[in-house]
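> Handing you this structure, nothing more for now.
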Amino acid sequence: MLRKICALTLLACVSFSFSQRAQAAQPDTEPERREMLHRLLFAIYDKQSKFDEASIELSELAKLKPNDATFPLTAGSLLLRQKKYDEAMTRFDEAIKADPNMAEGYAMKGQAYAALKKYKDAVAQYTIANTHLKTGQNFSAQISVNQQMLDKQVQDQQYLDAINGKGKAKPKAK
């Protein structure tokens, strides 16, 4: 049992994106210790898909660093995995407000729109994300995929309209 806990803790620390920022040595101040503890607990809960507990840890981290845009972005990502798209978009908006140049915020919002089949909005968000690129980022593939999905959606709607008689009226025979 102890080995499992140690292995899970080690795995969580290695895979958790926030761990890159953690200091190798023991933190010197109480806020740094609390931050490290909340990051570790978040990583564990995230790996176990315990979304409520992970969300609580993110809230605690956000209290420690209220201007850090990565916390609402990560919270939105958790909500996206739970298919709570509207709540996720609210969190992505918070992240964008905290850091308007964060491409990931726009991209994640685009992902939420794509999940809701709002491909036009998804394309718009990915396009904005492409204007805020950092090294190694590129959202052109997501733009292309969502544009194709939008085109298909429009074609399907036109087909359904034509079948149901909502398309262009045919000229009457004389």
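Coordinate-derived values only; no laboratory data. In this text the structure is predicted, and so the values were computed from the model without any measurement. Every residue, glycine among them, receives a Cβ derived from its backbone with ideal geometry; neighbour counts consider all protein chains shown.
> Give me the extension gain from Phe51 to Asp93: residue separation times 0.36 nm, minus the current Cα-Cα distance, reported in nm with one decimal.
Value of the extension gain: 13.1 nm.
> Rank by packing, highest mean first: peptides 149-156, 114-121, with packing defined as the count of other Cβ atoms within 10 Å averaged across residues.
114-121, 149-156
> At 0.36 nm per residue, and after removing the present C-alpha to C-alpha distance, how many nm does the segment from Lys120 to Asp151 gain when stretched out fully?
Gain on stretching Lys120 to Asp151: 10.2 nm.
> Going by average Cβ neighbours within 10 Å, how do the peptides 60-73, 134-147 rank, with the highest at the top?
In decreasing order of mean packing, 60-73, 134-147 become 60-73, 134-147.
> Taking the Cβ-Cβ separation of Leu37 and Lys84 as r and a Förster radius of 35 Å, what is the calculated FRET efficiency to the nearest 0.05?
0.85
> Return the sequence-ordered ³J(HN,Hα) values of region 105-113 in whole Hz as given by the Karplus equation 6.51 cos²θ - 1.76 cosθ + 1.60 applied to θ = phi - 60°, using x for Gly and Pro.
x, 5, 5, 5, 5, x, 5, 5, 4
> Something else: Each label point is 7 Å from the Cα along the Cα-to-Cβ direction; what then is the distance between the points at Tyr159 and Ser144, in nm?
2.3 nm
> Here's another thing I want to ask about it. Among Leu41, Gln158, Phe71, flag the residue with its Cα farthest along the positive direction of the charge dipole of region 33-174, charges on Cβ as +1 for Lys/Arg and -1 for Asp/Glu.
Gln158
> Okay, next question. Report ³J(HN,Hα) in whole Hz for each residue of region 142-157, in order, from the Karplus equation J = 6.51 cos²θ - 1.76 cosθ + 1.60 where θ = phi - 60°; Gly and Pro get x.
5, 4, 4, 4, 5, 5, 5, 5, 5, 4, 5, 4, 5, 4, 4, 5
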